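Undergrad: Before I ask anything, let me first share the structure, which is written out below as structure tokens.
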Amino acid sequence: MDKYVINGGKPLHGEVEISGAKNAAVAIIPAALLVDGVCRIENLPQISDVEMLLTIVSDLGCKVKYINKSTVEVDARNATYKDAPFELMRKIRASYYLIGSMLGRFGVCKTTMPGGCNFGVRPIDQHVKGMEALGATIDVKSGFVLGDVQGGKLHGARIYLDKVSVGATMNIMIAAVLAQGRTIIENAAREPHIVDLANFLNSMGADVRGAGTDTIKVNGVEKLHGGCYTIIPDQIEAGTYMVAAAATGGEVLIKNIIPKHLECITAKLRETGTIVQQYEDSVLVKGASTLRRANVKTLPYPGFPTDMQPQIGVLLCLANGTSVITEGIYDNRYKYVSELRKMGAEIQVDGRVCVIEGGHRLTGAPVMACDLRAGAAMVIAGLCAAGQTEVEDIHYIERGYENFVGKLRALGADIRIEEFPDDQDGYDKVVCIPV
Ligand code: UD1
């Protein structure tokens, strides 16, 4: 398997441009299936999850045309119902959005249970509840999701989510756009990519209101028309470079971002003594000579994102004192801890709580990327560590970070990819989790 080889100890310096938001892109591509026209999507990140979703929609009959490396046109006018390509679908989490878009477009769907990072059990019961409220019959069995709408058209409904779920909120929005009547999603998630999906849908003629609050109203429309939409910058990619700059004691200007989306990360970094200066569409991060401890609890937006938890964990290993992380979203998101221990970190985990005895210099070691963000965290650890770190299973990282190695090298990092010719497509180990 390909791996990253990192010689640590060099502070990052310079400027980095942030790509489009992964978690917006992976919902917008399936949603394009609903559009009766040509839908141009700009600022798409060049990552493997996006490539796979474009392959999936093209397999369903959409014409997909690359205009440049970050712009595609999706024309779904000739799409026809068929089973979605299972091998691809079970490798990524966001394939669950095909449930909403296929039911909305065709009134029927057959998809696999989604794959993606393994943080413990990741049920889709809230997605199923939403689709059923909209009038679909859903059967989840043997790793497949089968959906059918009597009469072919979903109808609006009032749906209260039992859990604040990003995926269920966005999936129900997608399904409701062409439904008859009004849908109200209560206890909705409020992440920036939810607002981005709503803006995308509205720019194609949908009527979605309230995205970014906990109540979203979708007034169904007859059809969506073509248009052009630019995806927002990736909050988590930006946050990852912010932490990398802070952890290496460097100074990095992170460009093409929306500072408001980064406020929870900015606030936490400032607590550690890191200097963060906000500008209109960039932030400058200057590492502190001595980092202070901090406690972190991950929460739905606008709380501290779970997708930044492993990266901030690395930073807190370097900070003086004892820090406590509480994971508020997932049961099992500390698999990276055993890898960090190999590098000399002192961390104890008890359920959803992790206690870090900071202030130790990390030392290079061979480690694994246990999942996407854990992989990014291991890279940050390698950049800070004395000596050489090898990060294996990098296919996880490439699911979500555009040109990670190239961007880090441009900031002065000593990191390279060691390629092995017999590498597979890189998805063999992605775990498909049953309901
Ligand atoms: C999405 C993101 C992921 C991020 C997460 C939380 C994508 C493709 N993935 O994942 O990067 O870590 O949001 O910000 O956008 N839950 C249920 N039943 C459901 C759905 C969720 O119990 O039907 C639970 C989950 O197990 C978890 C919590 O709700 O404990 C939040 O999950 P959710 O927000 O749905 O995460 P994902 O959409 O899977």
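The values are calculated or read from the model by the stated rules, or taken from the named source; none is laboratory data. Model, not experiment: these values are computed from the prediction. Methodologically, a virtual Cβ is constructed for each residue, glycine included, from the backbone with ideal geometry; neighbour enumeration extends over all protein chains shown.
Undergrad: Determine if region 269-284 includes at least one residue that is under 17 Å from the mean Cα position of the chain (by Cα) and under 30 Å from L201 (Cβ atoms).
TA: No, the conditions are met nowhere in region 269-284.
Undergrad: Here's something else I'd like to know. Condition first: assigned to a loop (DSSP other than H, G, I, E, B) and closer than 19 Å to T363 by Cα. Now tell me which residues in region 373-411 satisfy that.
TA: A385, G387
Undergrad: So, one more: In region 82-99, is there at least one residue being hydroxyl-bearing (S, T, Y), modelled with pLDDT of 95 or more and out of contact with any Leu (no Cβ under 7 Å at 6 or more places or on another chain)?
TA: yes
Undergrad: Quick one: in region 286-336, which of the residues that are surrounded by fewer than 21 Cβ atoms within 10 Å (Cβ to Cβ), part of a strand (DSSP E or B) and polar (S, T, N, Q) is farthest from the ligand (Cβ to nearest atom)?
TA: Among residues in region 286-336 that are surrounded by fewer than 21 Cβ atoms within 10 Å (Cβ to Cβ), part of a strand (DSSP E or B) and polar (S, T, N, Q), the one farthest from the ligand (Cβ to nearest atom) is N320.
Undergrad: Continuing with the same structure: Kindly check whether there is at least one residue in region 339-353 that is within 16 Å of the ligand (Cβ to nearest atom), in contact (Cβ under 8 Å) with a residue 40 or more places away in the chain, in contact with a helix residue (DSSP H, G or I) (Cβ under 8 Å, 6 or more places away or on another chain) and among the aliphatic types (A, V, I, L, M).
TA: Within region 339-353, not a single residue is within 16 Å of the ligand (Cβ to nearest atom), in contact (Cβ under 8 Å) with a residue 40 or more places away in the chain, in contact with a helix residue (DSSP H, G or I) (Cβ under 8 Å, 6 or more places away or on another chain) and among the aliphatic types (A, V, I, L, M).
Undergrad: Restricted to region 150-179, and to residues that are in a helix (DSSP H, G or I) and small (G, A, S), which residue is surrounded by the fewest Cβ atoms within 10 Å (Cβ to Cβ)?
TA: It comes out as G167.
Undergrad: Residues that are under 24 Å from G104 (Cβ atoms) and among the β-branched types (V, I, T): find the helices (runs of 4 or more DSSP H) completely inside region 8-93 holding 2 or more of those.
TA: 22-31, 48-59
Undergrad: Let me ask something additional. Out of all the residues in region 404-435, which are modelled with pLDDT of 95 or more and under 16 Å from the mean Cα position of the chain (by Cα)?
TA: The answer is F404, and nothing else.
Undergrad: Checking the conditions here, which among A381, A377, A369 is touching a Leu at 6+ places or on another chain (Cβ under 7 Å) and either within 16 Å of F404 (Cα to Cα) or of a type in the set (S, T, N, Q) (or both)?
TA: Going through A381, A377, A369 in turn, the sole match is A381.
Undergrad: Condition first: among the β-branched types (V, I, T) and more than 26 Å from the chain's Cα centre (by Cα). Now tell me which residues in region 285-298 satisfy that.
TA: T290, the sole residue that qualifies.
Undergrad: Separate question: Taking the stated definitions as given, is T169 among the polar types (S, T, N, Q), in contact (Cβ under 8 Å) with a residue 24 or more places away in the chain, near the ligand (Cβ under 9 Å from one of its atoms) and out of contact with any Leu (no Cβ under 6 Å at 6 or more places or on another chain)?
TA: In short, yes.
Undergrad: Mind listing whichever residues of region 92-103 are touching a Lys or Arg at 6+ places or on another chain (Cβ under 9 Å) and either within 14 Å of the ligand (Cβ to nearest atom) or under 15 Å from T169 (Cα atoms) (or both)?
TA: Residues satisfying the conditions are I92, R93, A94.
Undergrad: Would you confirm whether any residue within region 383-400 is at pLDDT 95 or above, in contact with a helix residue (DSSP H, G or I) (Cβ under 9 Å, 6 or more places away or on another chain), of a type in the set (S, T, Y) and within 16 Å of the ligand (Cβ to nearest atom)?
TA: Taking every residue of region 383-400 in turn, none turns out to be at pLDDT 95 or above, in contact with a helix residue (DSSP H, G or I) (Cβ under 9 Å, 6 or more places away or on another chain), of a type in the set (S, T, Y) and within 16 Å of the ligand (Cβ to nearest atom).
Undergrad: Now, a different point. Is it the case, given these coordinates, that V218 is more than 30 Å from Q180 (Cβ to Cβ), of a type in the set (V, I, T) and either within 17 Å of the chain's Cα centre (by Cα) or buried (at least 19 other Cβ atoms within 10 Å of the Cβ) (or both)?
TA: Considered against the rule, which asks whether it is more than 30 Å from Q180 (Cβ to Cβ), of a type in the set (V, I, T) and either within 17 Å of the chain's Cα centre (by Cα) or buried (at least 19 other Cβ atoms within 10 Å of the Cβ) (or both), V218 comes out as no.
Undergrad: Over 18 Å from the mean Cα position of the chain (by Cα), within 22 Å of L88 (Cβ to Cβ) and either in contact (Cβ under 8 Å) with a residue 60 or more places away in the chain or crowded, with 21+ Cβ neighbours inside 10 Å (or both), is that true of G147?
TA: Yes.
Undergrad: OK, next. Given L44, L33, which one is buried (at least 22 other Cβ atoms within 10 Å of the Cβ), within 15 Å of G400 (Cα to Cα), touching a residue at least 12 places away in the same chain (Cβ under 8 Å) and in contact with a Ser or Thr (Cβ under 7 Å, 6 or more places away or on another chain)?
TA: L44
Undergrad: Check off (1) in a helix (DSSP H, G or I); (2) under 29 Å from H13 (Cβ atoms) for G359 and give me the number that stays unchecked.
TA: (1)
Undergrad: Return the total of residues in region 183-223 being of a type in the set (G, A, S) and within 15 Å of the ligand (Cβ to nearest atom).
TA: Matching residues across region 183-223 total 5.
Undergrad: Take the residues of region 109-142 that are part of a loop (DSSP other than H, G, I, E, B) and more than 16 Å from the ligand (Cβ to nearest atom): which is farthest from D371 (Cα to Cα)?
TA: G135
Rundown of residues vs (1) closer than 20 Å to Y401 by Cα; (2) within 16 Å of the ligand (Cβ to nearest atom); (3) of a type in the set (A, V, I, L, M, F, W, C), yes/no style:
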| residue | (1), (2), (3) |
| --- | --- |
| I28 | yes, yes, yes |
| C62 | no, no, yes |
| V72 | yes, no, yes |
| A76 | no, no, yes |
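Undergrad: Within region 180-190, track down each residue that is surrounded by fewer than 24 Cβ atoms within 10 Å (Cβ to Cβ) and at negative phi.
TA: Q180, R182, I184, E186, A189, R190
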